[in-house]
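Undergrad: Below is one structure. I have some questions about it.
The values are calculated or read from the model by the stated rules, or taken from the named source; none is laboratory data. It should be emphasised that the depicted structure is a prediction, and the values quoted were computed from it without experimental measurement. As a convention, Cβ positions derive from the backbone with ideal geometry for all residues, glycine included, and neighbour counts pool all protein chains shown.
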Amino acid sequence: MAEQNLFEEVKRHLCSCSADLQITPNLEAVMKMPMRELHVSIPVRMDDGSIRAFSGFRVQYNDALGPTKGGIRFHPDETIDTIRGLAAIMTWKCALHNLPLGGAKGGVICNPKTMSSGEIERLSRAYIQATSHFIGPDRDIPAPDVYTDSEVMAWMMDEYSRIFRKTTFGVITGKPVSLGGSEGREDATARGGWFVIREAAKDFGIVLEGAKVAIQGFGNVGAHAAIIGQEQYSVRVVAVSDSRGGVFAREGLDVPALLEHKKKTGSVMDFPDARNITNEELLALDVDILIPAALENVITIDNASRVKARFIAEFANGPVSGDADALLHARGVPILPDILCNGGGVIVSYLEMVQNFNLDHWERGEVIARLERKMVDAYRAVYNLASGNNVPMRQAGYTIAVGRVVKAMKYRGWV
Ligand code: GLU
């Protein structure tokens with residue numbers, strides 16, 4: 001298996017648009033480095049009384065367009081280079097969606113699946129204690145990501161507010177709706193992704209009603225992708241998987257029943273009326289749309305030739321490696337890239353910030369309407385550039401996004 005380094009992959013995507021944007025090697029070198037990063041060691045008292053030191057990071061990649069924005073992940077396989085790559089992706093994602101925000105990402109190496117709720121709370125608070133001088137509502141605003149949720153955001157907001165002795169909703173997004181959170185944030189990534197798929201389906205001649213969809217990952221994004229796909233677009237969700245494995249049913253899975261099953265058993269596997277499959281088998285299914293909604297680098301040069309989907313929608317960050325990307329493009333399989341397709345999360349995070357700054361609370365319909373407009377605008381810009389220049393949509397997305405960041409750096413007089 002080819003070892004992939006997400007940061008190296010993302011830097012290669014950046015190079016793909018340098019010529020079009022006439023970016024000099026020196027300027028490219030500036031953009032290939034995060035502007036700031038913080039490494040912390042976080043001591044946490046565990047339930048058995050012992051103290052464990054966790055390694056944590058926060059990377060602020062580029063803040064030319066505004067305060068940096070991006071989630072915090074809790075994951076056992078976290079590395080600083082993954083966080084750097086994800087922080088870079090956030091920079092291009094915010095720029096592509098025309099948000100006045102830069103990009104950042106944070107992470108802690110830990111396995112929340114083996115930790116109690118109390119241990120996770122103490123770790124979340126300790127992460128904020130260790131980073132409170134580095135983040136802030138007009139500096140760097142974290143959010144949920146893999147294995148962190150609205151409860152973790154509430155603890156983090158509370159800890160920050162205690163340190164600075166004033167309730168500071170705007171320091172973090174993805175909070176519970178009753179505590180400064182926005183309506184529609186929970187399923188925003190999946191909903192936004194479906195707006196992009198809906199538009200792309202028109203351009204690629206795919207009828208969504210009855211279309212076969214496979215979803216890799218059944219966390220917040222994957223599960224909402226399945227629900228919204230079935231309820232709003234009448235697609236047939238034929239397969240889903242989680243970290244343990246997947247399930248397949250030719251006629252389509254009963255998504256609400258599957259959610260119940262996962263809640264009860266901890267996995268989607270062994271779901272009645274469905275066949276167990278592996279994650280690898282899921283990626284190779286003969287479907288119309290393949291939605292990777294879990295981790296980075298799952299479609300690589302080793303398995304890309306087996307992908308039979310008509311198009312791929314990247315709901316995860318970085319799920320298709322650079323080599324696989326080139327191979328799939330050559331085979332004519334369009335990829336709706338992460339910076340376009342999963343921007344719904346950060347768009348509604350931005351809307352949450354705007355509400356927090358104004359101590360306001362918008363209705364769900366208003367949030368969703370604004371999300372839809374942003375997703376459709378970004379898709380149209382990417383599709384038009386990609387089809388006009390005959391380049392992959394990822395390259396088109398990077399060209400638009402990097403161009404905006406470069407322009408901001410020039411106006412600021414940095415370069
Ligand atoms: N973690 C999400 C992402 O990767 C959302 C980030 C945010 O809302 O700031 O896009």
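Undergrad: For the stretch 132-144, state whether one or more residues are under 22 Å from residue 39 (Cβ atoms), polar (S, T, N, Q) and more than 15 Å from the ligand (Cβ to nearest atom).
TA: For the stretch 132-144, residues under 22 Å from residue 39 (Cβ atoms), polar (S, T, N, Q) and more than 15 Å from the ligand (Cβ to nearest atom): present.
Undergrad: Which residues, counting only those in the stretch 46-71, are of a type in the set (D, E, K, R), in contact with a strand residue (DSSP E or B) (Cβ under 8 Å, 6 or more places away or on another chain) and away from the ligand (no atom under 15 Å from the Cβ)?
TA: Within the stretch 46-71, just 52 meets the criteria.
Undergrad: Which numbered condition in (1) hydroxyl-bearing (Ser, Thr, Tyr); (2) within 12 Å of the ligand (Cβ to nearest atom); (3) under 23 Å from residue 176 (Cβ atoms) is the only one that residue 116 fails?
TA: It fails just one condition, (2).
Undergrad: Additional query: Which residue is surrounded by the most Cβ atoms within 10 Å (Cβ to Cβ), if the candidates are limited to the stretch 312-365 and must be over 21 Å from the mean Cα position of the chain (by Cα) and closer than 13 Å to residue 185 by Cβ?
TA: 356
Undergrad: So, in the stretch 1-35, of the ones that are among the small types (Gly, Ala, Ser) and assigned to a loop (DSSP other than H, G, I, E, B), which residue ends up nearest to residue 408 (Cα to Cα)?
TA: Going through the qualifying residues, I end up with 18.
Undergrad: Of the numbered conditions (1) buried (at least 18 other Cβ atoms within 10 Å of the Cβ); (2) closer than 24 Å to residue 347 by Cα, residue 42 fails exactly one; give the number of that condition.
TA: All conditions are met except number (2).
Undergrad: Something else now. Right, residue 64: small (Gly, Ala, Ser), within 24 Å of residue 414 (Cβ to Cβ) and buried (at least 18 other Cβ atoms within 10 Å of the Cβ) or not?
TA: So residue 64 fits the description; yes.
Undergrad: Looking only at the stretch 369-399, which residues are within 16 Å of the ligand (Cβ to nearest atom) and of a type in the set (A, V, I, L, M, F, W, C)?
TA: 371, 375, 378
Undergrad: Let me ask something else. Applying the selection to the stretch 193-235, what residues are on the phi < 0 side of the Ramachandran plot, in a loop (DSSP other than H, G, I, E, B) and touching a strand residue (DSSP E or B) at 6+ places or on another chain (Cβ under 7 Å)?
TA: Scanning the stretch 193-235 gives 211, 218, 235.
Undergrad: Here's another thing I want to ask about it. Take the stretch 366-382 and flag every residue that is more than 22 Å from residue 206 (Cα to Cα), surrounded by fewer than 18 Cβ atoms within 10 Å (Cβ to Cβ) and basic (Lys, Arg). Step through it out loud before you land on a result.
TA: Start the filter on the stretch 366-382 by keeping residues that are more than 22 Å from residue 206 (Cα to Cα), which leaves 366-371, 374.
Of the ones still in play, those that are also surrounded by fewer than 18 Cβ atoms within 10 Å (Cβ to Cβ) are 366, 369-370.
Matches in the stretch 366-382: 370 only.
Undergrad: I've got another one for you. So which residues in the stretch 172-189 are among the hydrophobic types (A, V, I, L, M, F, W, C) and either under 23 Å from residue 365 (Cβ atoms) or more than 12 Å from the ligand (Cβ to nearest atom) (or both)? Steps first, please.
TA: From the stretch 172-189, those among the hydrophobic types (A, V, I, L, M, F, W, C) are 172, 177, 179, 188; that's our starting set.
Answer for the stretch 172-189, where residues must be among the hydrophobic types (A, V, I, L, M, F, W, C) and either under 23 Å from residue 365 (Cβ atoms) or more than 12 Å from the ligand (Cβ to nearest atom) (or both): 177, 179, 188.
Undergrad: Considering only the stretch 251-269, I want to know if a residue exists there that is farther than 27 Å from residue 143 by Cα, touching a Gly at 6+ places or on another chain (Cβ under 7 Å), not β-branched (Val, Ile, Thr) and not in a loop (DSSP other than H, G, I, E, B).
TA: no
Undergrad: Could you list, in sequence order, all residues of the stretch 145-192 that are part of a loop (DSSP other than H, G, I, E, B), β-branched (Val, Ile, Thr) and surrounded by fewer than 21 Cβ atoms within 10 Å (Cβ to Cβ)? If you could, list the steps in order and put the result at the bottom.
TA: Taking the stretch 145-192 as the starting set, the residues that turn out to be part of a loop (DSSP other than H, G, I, E, B) are 145-149, 165-168, 172-176, 180-187.
Those left that are additionally β-branched (Val, Ile, Thr): 146, 148, 167-168, 172-173.
Within the stretch 145-192, 167, 168 meet the criteria.
Undergrad: Taking the residues in the stretch 196-220 that are buried (at least 24 other Cβ atoms within 10 Å of the Cβ) and within 16 Å of the ligand (Cβ to nearest atom) as candidates, determine which candidate is nearest to residue 240 (Cα to Cα).
TA: 217
Undergrad: If I go through the stretch 128-151 residue by residue, how many of them are without any contact (Cβ under 8 Å) to a residue 60 or more places away in the chain and under 19 Å from residue 113 (Cβ atoms)?
TA: 2
Condition check ((1) closer than 27 Å to residue 101 by Cβ; (2) within 10 Å of the ligand (Cβ to nearest atom); (3) at pLDDT below 95) across all residues:
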position: 319; (1), (2), (3): yes, no, no
position: 322; (1), (2), (3): yes, no, yes
position: 330; (1), (2), (3): no, no, yes
position: 340; (1), (2), (3): yes, no, no
position: 348; (1), (2), (3): yes, yes, no
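Undergrad: If you don't mind, another one. Hey, does the stretch 222-242 have a residue that's of a type in the set (Val, Ile, Thr), surrounded by fewer than 21 Cβ atoms within 10 Å (Cβ to Cβ) and within 16 Å of the ligand (Cβ to nearest atom)? Spell out how you get there, then give the answer.
TA: Filtering the stretch 222-242 down to residues of a type in the set (Val, Ile, Thr) leaves 227-228, 235, 237-238, 240.
With the extra rule that they be surrounded by fewer than 21 Cβ atoms within 10 Å (Cβ to Cβ), the set shrinks to 227-228.
From what's left, within 16 Å of the ligand (Cβ to nearest atom): none.
The answer is no, given that none of the residues of the stretch 222-242 is of a type in the set (Val, Ile, Thr), surrounded by fewer than 21 Cβ atoms within 10 Å (Cβ to Cβ) and within 16 Å of the ligand (Cβ to nearest atom).
Undergrad: Determine whether residue 100 is at pLDDT 95 or above, away from the ligand (no atom under 15 Å from the Cβ) and not in a helix (DSSP H, G or I).
TA: Criteria not met by residue 100.
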